[in-house]
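**Student:** Structure provided below as structure tokens; questions to follow.
The values are calculated or read from the model by the stated rules, or taken from the named source; none is laboratory data. Computed from a predicted structure; not experimentally measured. Positions of Cβ are generated from backbone atoms using ideal geometry, with glycine treated the same way; all protein chains shown enter the neighbour counts.
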Amino acid sequence: MADPEAAHARATDAQPRGATLPESVTPAAERCTVPTLIHEFDYHVDVGGVADVGTGPYGHRMIAAGSGGKVVGDRLTGTIAPSAGGDWLLLGQDGYGRLDVRNTVLTADGACVYIQLHGLVELTPAVLAVFAGGAVPTDFGGQYFVTTPRLETGDERYAWVNRVLFVAEARILPGPCIDYRVFRVG
């Protein structure tokens, strides 16, 4: 944790000799507030066929087609276009998968919203079992499965998504399907 006194000393040391910080200037460490997370929507994706690219110079790559799904929230609700996205997964030797997920949300009122998630999924025995066809879903928090969704649209009704940072936690269900709980950073 940052030491406010040390930060103040560094800020003071950075001033020219003889200069002092005015009383109204508060060092950054003292002004820092912890962001809050506000639940924005739930995002469910059905995973279609998987193409196993194999192990290359960066790890074992798999590509899965998104075959549908839905988004449900107070401000954003719609369906996932079944042929307008996918999941590029890179399995690392460190026991984690690197995600690059892209989908298109067709909102209930006719807008089109692009969503891209980058993140990490811990390849626990439970996660691997679901990917292998197992019938037991994982739980939120049962493994490290965190993403940073980025949303984009040209529809003015949803322009707010262009100016918000999001984080999400996820879990894997038989099918396989992925459930994300998406939070905006406030």
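**Student:** If I ask for residues that are hydroxyl-bearing (S, T, Y) and surrounded by 17 or more Cβ atoms within 10 Å (Cβ to Cβ), which ones from the range 106-118 would you list?
**Tutor:** T107
**Student:** Could you pull out the residue among R157, R163, R181 that is buried (at least 16 other Cβ atoms within 10 Å of the Cβ), in the same structural domain as C112 (by TED's automatic domain parsing), closer than 20 Å to V105 by Cα and of a type in the set (K, R)?
**Tutor:** Working: R157 fails: buried (at least 16 other Cβ atoms within 10 Å of the Cβ); R163 fails: buried (at least 16 other Cβ atoms within 10 Å of the Cβ).
The unique qualifying residue is R181.
**Student:** Suppose we keep only residues that are farther than 21 Å from D46 by Cβ and in contact with a Leu (Cβ under 6 Å, 6 or more places away or on another chain) within the range 77-105. Which one would you say is surrounded by the fewest Cβ atoms within 10 Å (Cβ to Cβ)?
**Tutor:** The extreme case among them is G95.
**Student:** Only one of I172, I178 is under 13 Å from the mean Cα position of the chain (by Cα) and either hydrophobic (A, V, I, L, M, F, W, C) or over 24 Å from P35 (Cβ atoms) (or both); which?
**Tutor:** That would be I178, the only listed residue that is under 13 Å from the mean Cα position of the chain (by Cα) and either hydrophobic (A, V, I, L, M, F, W, C) or over 24 Å from P35 (Cβ atoms) (or both).
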